[in-house]
Amino acid sequence: MGQSVTMKILNAHLTSGQRHVPAGEEILVTVDQTLTQDATGTMAYLQFEAMDVPQVRTKRSVSYVDHNMLQTGFENADDHAFLQSFAAKYGIYFSRPGNGICHQVHLERFSVPGQILLGSDSHTPTSGGAGMIAIGAGGLDVAVAMAGGPFGLPMPKVVGVRLTGKRQPWVAAKDIILEMLRRLTVKGGVGKVFEYHGEGVADLTIPERATICNMGAELGATTSIFPSDERTRLFLRKQGRESDWTALEADLDASYDEVIEIDLTQLEPLIAQPHSPDNVTTVRELAGLPLDQVCIGSCTNSSFHDLAIAAHVLRGKRVAENLSMTLTPGSRQVFATIARDGILADLIAAGARVLEAACGPCIGMGQAPKSEGISLRSFNRNFEGRSGTPNAKVYLCSPETAAVSALRGVLTDPREGGAYVATREPDEYDTNDEGMILQPADDPSAVEVERGPNIKPLPLRGPLEETIEGSVLLKVGDNITTDHIMPAGSKILPLRSNIPAISEFVFVRIDPTFPERAKKAGGGIVVAGSNYGQGSSREHAALAPMYLGVKAVIAKSFARIHRANLINFGILPLTFEKEADYDALEREDALVIPDVRGQLKQGGSIEVLQTGSGRRIRCRSELSDRQLEILLSGGLLNHVRSGHASGQSQPAVDAASHLATATMVSTNGQSRPGRPAS
């Protein structure tokens, strides 16, 4: 039986002794590349530093600044100085502020077909558009990978998504992923990799494939991937990196765990309604909706094509007077190219507001809509309050739909926008990275890491208790996002390096009293519905609750990354065996998990006692041996400190100051990464 692209890459990266692992069982893979951004990077690098490893051991690690770009105080600028100096010292490439959004830049300058990329951002799968296995994870997992350690994850099911036919004019790549969300929902991809194949793949450029892979994160998927074909080769040639190309396609007789078929000829422009990416309908059905704001950009839709199609629509015309329109280039390369080709001038003349190459409005950094405003965005998430305005209504669509609607002032089916003119990719891009992507220092010993006053010591907890007891601090429903747990935005993101300060915002959008109650109670337990922790990879949604004393989360089910983050920080994730037990629990109920260490070691059901009623609640832990060791240690850093890290294939690294013995795996034996082609 032939292999899929996914299994070819995973099998080539499995650590020794692992072969033919069934879906759902944990695998350990070596990591070729890592990616961090400034909202998650500072903490990841503090964790890496705690391992006392002199240089990163990946083939390439890149630190980006793209999230915390509003410098209204010293905090963000201080963090950027820390990140730049840290990268120089430890063998990491540094993408400076203004160079672009991490996923767009990484796709352009560092993606390599057949390699594994681990990033401390949930939209890391963007590089799957270039044939990589690219996975979002918590910063601590990325730190371990930078130190040479393996990454553990459940062996995913591989879903083959067969694309047939060819898109009609005005139907975008964004409409393909919105169709996937319409069919599968935000929970439909948990434990799965979506591998796109079929004749329709040839119709998609690499940036368009990246759009689909990027927003596959909203399905809850492990990742998404396309083959590496001649289109991939052409893209890398234009990036001056054709030598990085490798042909990589599924075998003709490849088997998939599931198969989905999408006839591209039948697709029409789609839109996600508030407040979830899977609340999808056709643009036609909502046409005429008045708009207050239109935004094109984000790591999902900020490529050359996305801005060029907007310019085609707007050329010689003006944005409607009733709305504000913004456009965000995804990278300096895209910005420079649209300036060179006259596209930028067309956008400015039409009255669009051109923002810097950064995440910006997508992460709540500026451009918050007016009160109860309706914002149409080409972004990936429309969670309530994420835009910065609690009662705004955010809709998600393609750049084509957004541009045509911006002209009319109301939501408009782009097929009413006149004749479609396909944008033509440039014959070459500006690939000069000099001054914007900084290489590691030749003499690391001469670099002193800069630390501003907002960077506080990394908090740790002790080993898992013999008994967990505490009240239910909070009971929440289904699809609670990491934005609910640990909000983003311009006021909170600058505190990412200061856990005591940022912990004051845990769950405040649901219950403003939560931080104070948790501290007063000395911690406790959170009860949740299905898909708890969906959305961003931000480990602060586990780290800050741990700091407040949260010992366990009992849920109907968990999102993959957040569950891993809970384990990494010593918070016990349990799932109800019977949903009726969820219904029976209320806030302030007293719970006890007796002999929790013994119960976990024994395996099987975990008994939780509701002390007021005497009710015995049966839960599941579903931990691998490695995850059990991590939890018993009180988290991954404690586990590494104890010298029990799994997946060892080389002698232990001697750790002097912060850790006693760190056992790590080198993926390639290199002491510093190679330099990017230019």
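Helices (runs of 4 or more DSSP H) wholly in region 101-213 with at least 1 residues that are in the same structural domain as I27 (by TED's automatic domain parsing), farther than 27 Å from D32 by Cα and modelled with pLDDT of 95 or more - which ones?
It comes to 173-184.
When you go through Y64, Y45 one by one, which is the residue that is closer than 27 Å to Q367 by Cβ, outside the structural domain of N498 (by TED's automatic domain parsing) and either within 23 Å of the chain's Cα centre (by Cα) or hydrophobic (A, V, I, L, M, F, W, C) (or both)?
Y64
For E622, state whether it is touching a residue at least 12 places away in the same chain (Cβ under 8 Å), of a type outside the set (G, A, S) and either part of a loop (DSSP other than H, G, I, E, B) or within 30 Å of M215 (Cα to Cα) (or both).
yes
Scan region 367-399 for residues that are under 19 Å from H484 (Cα atoms), of a type in the set (G, A, S) and surrounded by fewer than 24 Cβ atoms within 10 Å (Cβ to Cβ) and jot them down.
A368, G385, G388, A392 - these are the residues of region 367-399 that are under 19 Å from H484 (Cα atoms), of a type in the set (G, A, S) and surrounded by fewer than 24 Cβ atoms within 10 Å (Cβ to Cβ).
Which is surrounded by fewer than 16 Cβ atoms within 10 Å (Cβ to Cβ) and more than 30 Å from A23 (Cα to Cα), of K238, K317?
K317
State yes or no: is K551 of a type in the set (D, E, K, R), closer than 17 Å to N565 by Cβ, modelled with pLDDT of 95 or more and more than 20 Å from the chain's Cα centre (by Cα)?
In short, yes.
When region 270-299 is examined, which residues are found to be aliphatic (A, V, I, L, M), in a loop (DSSP other than H, G, I, E, B) and surrounded by fewer than 18 Cβ atoms within 10 Å (Cβ to Cβ)?
If the condition is that a residue be aliphatic (A, V, I, L, M), in a loop (DSSP other than H, G, I, E, B) and surrounded by fewer than 18 Cβ atoms within 10 Å (Cβ to Cβ), then A287, L289 are the ones that fit.
Of the conditions (1) outside the structural domain of G533 (by TED's automatic domain parsing); (2) over 18 Å from E466 (Cα atoms), H639 fails just one. Which one is it?
(2)
Condition (residue is free of Cβ contacts under 8 Å to residues at least 40 places away in the same chain and either buried (at least 24 other Cβ atoms within 10 Å of the Cβ) or among the aromatic types (F, W, Y) (or both)) applied to region 44-60: is it met by at least one residue?
No, region 44-60 contains no residue that is free of Cβ contacts under 8 Å to residues at least 40 places away in the same chain and either buried (at least 24 other Cβ atoms within 10 Å of the Cβ) or among the aromatic types (F, W, Y) (or both).
The values are calculated or read from the model by the stated rules, or taken from the named source; none is laboratory data. Keep in mind the model is a prediction, meaning the values are calculated, not measured. FYI the Cβ positions are ideal-geometry reconstructions off the backbone, even for glycines, and counts take in every protein chain you see.
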